[in-house]
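The values are calculated or read from the model by the stated rules, or taken from the named source; none is laboratory data. Computed from a prediction, not measured in an experiment: that's the story for all the values here. Positions of Cβ are generated from backbone atoms using ideal geometry, with glycine treated the same way; all protein chains shown enter the neighbour counts. Keep in mind that these areas ignore ligands, DNA and RNA; they rest on the heavy atoms of the full protein, side chains included. Shrake-Rupley method; radii C 1.70, N 1.55, O 1.52, S 1.80 Å.
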Amino acid sequence: MMDYSKAINHTVAEIKPSGIRKFFDIAATMDGVISLGVGEPDFRTPWQIRKAGINSLEKGKTKYTSNWGIAQLRSAVSDYVKRKYSINYQPDEEILITVGGSEAIDACIRAVVAPGDEVIIPQPSYVCYEPITRLAGGVPVIIETKAEDDFKVTKKQLENALSPRTKLLILPYPCNPTGAIMEKEDLEELADVLKGTNVIVLSDEIYAELTFGGKRHVSPASIDGMWERTVTVNGFSKAFSMTGWRLGFACGPREIMDQITKIHQFAIMCAPTTSQYAAIEALKNCDGEVERMVHEYDMRRRMMVAGFNEIGLVCREPKGAFYTFPSIKSTGLSSDEFCERLLYSKKVAVVPGTAFGESGEGFIRASYCYSVEHIKEAISRIGEFLKEL
Amino acid sequence: MKYEILKLLARNAKYSAKDIAVMLGSDEDTVAKEIAQLEKDGFIKGYKAIVDWQMVEDSYVSAIIELNVVPKAELGFEEVAESIMKYEEVESVYLMSGSYDLNVVVKGKTLQDVARFVARELATIDSVTQTTTHFVMRRYKEMDVVLAGDEKDDRGQLFI
């Protein structure tokens, strides 16, 4: 008789699976549920990108690529991040093509963190940083960002979180789920604190193209003194609607990238070849397509923010990503209760803020990767729900 | 702003001035005034529902008729186009590039209705030298709206 509790790595066994999984499995079995839950674009990948992938298949480009990714794509990434975010990386040895931004995050954390090392993670944020840190034997140190600070990491918070054991700071901006961004001055303050330390920054910039209201994304690596300590992670999923292609990249100083690439080499070999060929087209010729999608998100964003505020849920204006993060504190319900009761009584699925860390209590995440009509219907149902409370 | 308003109304004519104002970051009054002006200036010709007539009526037939026309001196194709568009049966009339001149969409209750209309009314016009009738067999999409089958949200249940 196998005793699996002895067979399985206890660190893995102790990691909780995403708590809302069960909740949304229920939602999936119910009829007539409308969701504001998903975290991926509703747009299809622009046709010219799909075509580039198809062309590569027709030409028989079906082999492994270099571990680092095909040279042409790395060079396109180098041009792209310079053009968009004013950061300079050499195509050789400073840029690695990965399986989504996710793999880049995993490999970067593993390359930097040894057992007992501390990783500073701002929350509410995307769910992967904490479990990956634990898998590496690291110790997560959580910064609870505040609504009144627009969910930014403040200088003071960073100072308090730093210790001699700090190895890595995660900067997940533009932020899922809060929609927060970090502006130049905000980053300069953090750079000041980090100066003179050996702390590395993992900047997850997967939503970098999705910023609104005239605010352009600022890459931490573009701030004085930050390039040398920053690994910039980005990818194709959100900006180019390419979630299923699983393609991203990491850029950083050679000394770090060499180590990250070793992990990538042994764990993954190389990112999907077809996706890499498609991605060249995305970076080179799709600014117009991205602009069109961003414009569309912006209209939905305004619609959703206005809608929530109108029905009585205080909703700050998100400056990036494609989520709103309204407060539900006025209802007196916990985030979990709110979401569960809303699902059962009005058949609307939203994600409790607590899915993104304890500090998400009192908030819900609603995605605007949906048509305006869909958003209006969902908000109107949530409005009815509030009236009946 | 005008162009953005037109794009939104062309997508969904039921958007209110308030909806549009929110989406464009403007105010309701300004948008309402713009829309009134667009209507007055004739940029907006009207608003109507997109009906799936195949669902509503037992018999609904439409056809695309290609017409070859000898243009009149000075008037060109205008005269014949104007006389064709006056018929109630005619849904649309376009002047085309390529191998024929006028594209006329005709609707009726039966195949015979449409055939009769073409034979009696269109083919008999003096300047019309040839007609070719294509009956519509199935409507999949009309005015950007999918009629046959739903476009499903096939996104995985990855919520976070």
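Per-structure values
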read-out	value
Which listed residue, of A:ARG301, A:ARG316, A:ARG292, A:ARG341, is surrounded by 21 or more Cβ atoms within 10 Å (Cβ to Cβ) and basic (Lys, Arg)	A:ARG301
Wholly enclosed helices (runs of 4 or more DSSP H) of region A:270-370 bearing at least 2 residues of a type in the set (Lys, Arg), away from chain B (no Cβ under 11 Å) and over 23 Å from the mean Cα position of the chain (by Cα)	A:335-346
Region A:1-34 - residue that is polar (S, T, N, Q) and surrounded by 11 or more Cβ atoms within 10 Å (Cβ to Cβ) and, of those, farthest from A:HIS295 (Cα to Cα)	A:THR11
Matching entry among A:SER371, A:SER334, A:SER327 (being within 24 Å of A:SER241 (Cα to Cα), open to solvent by 10 Å² or more (accessible area, probe 1.4 Å) and in contact (Cβ under 8 Å) with a residue 12 or more places away in the chain)	A:SER371
Given (1) within 27 Å of A:ARG292 (Cβ to Cβ); (2) in contact (Cβ under 8 Å) with a residue 12 or more places away in the chain; (3) assigned to a loop (DSSP other than H, G, I, E, B), index of the condition B:TYR15 fails	(2)
Filter result (among the polar types (S, T, N, Q) and away from chain A (no Cβ under 14 Å)) within region B:11-43	B:THR30, B:GLN37
Whichever residue in region A:35-59 is surrounded by fewer than 17 Cβ atoms within 10 Å (Cβ to Cβ) and within 14 Å of chain B (Cβ to nearest Cβ) and, among such residues, is farthest from A:GLN276 (Cα to Cα)	A:PHE43
Breaking point among (1) more than 14 Å from chain B (Cβ to nearest Cβ); (2) not in a loop (DSSP other than H, G, I, E, B), for A:PRO91	(2)
Residue match in region A:275-291 (condition: under 20 Å from A:THR62 (Cα atoms), touching a residue at least 40 places away in the same chain (Cβ under 8 Å) and among the basic types (Lys, Arg))	no
Whichever residue in region A:42-68 is among the hydrophobic types (A, V, I, L, M, F, W, C) and not in a loop (DSSP other than H, G, I, E, B) and, among such residues, is nearest to A:LEU283 (Cα to Cα)	A:ILE49
Only listed residue being within 28 Å of A:LYS61 (Cα to Cα) and open to solvent by less than 10 Å² (accessible area, probe 1.4 Å), chosen from A:LEU202, A:LEU187, A:LEU210, A:LEU247	A:LEU247
Criterion (open to solvent by 50 Å² or more (accessible area, probe 1.4 Å) and within 23 Å of B:ASP101 (Cα to Cα)) met by exactly one of B:VAL80, B:VAL56, B:VAL70	B:VAL70
Test for A:LEU96: is it modelled with pLDDT of 95 or more, open to solvent by less than 40 Å² (accessible area, probe 1.4 Å) and touching a His at 6+ places or on another chain (Cβ under 9 Å)	yes
Single residue of region A:264-289 satisfying the filter (among the hydroxyl-bearing types (Ser, Thr, Tyr) and surrounded by fewer than 22 Cβ atoms within 10 Å (Cβ to Cβ)) that is nearest to A:ASP106 (Cα to Cα)	A:THR273
Region A:15-34, subset within 13 Å of chain B (Cβ to nearest Cβ) and not in a helix (DSSP H, G or I), residue farthest from A:LYS284 (Cα to Cα)	A:MET30
Where a residue in region A:377-389 is at pLDDT below 95 and its partner, wherever it lies, is open to solvent by less than 60 Å² (accessible area, probe 1.4 Å), with Cβ under 7 Å and at least six apart	A:LEU389/A:THR331
Which listed residue is under 12 Å from B:LEU67 (Cα atoms), surrounded by 16 or more Cβ atoms within 10 Å (Cβ to Cβ) and over 15 Å from the mean Cα position of the chain (by Cα), from B:VAL104, B:VAL114, B:VAL93, B:VAL118	B:VAL118
Of all residues in region A:371-389 being closer than 13 Å to A:VAL305 by Cα and at the interface with another protein chain (Cβ under 10 Å from one of its Cβ atoms), the one that is farthest from the chain's Cα centre (by Cα)	A:LYS376
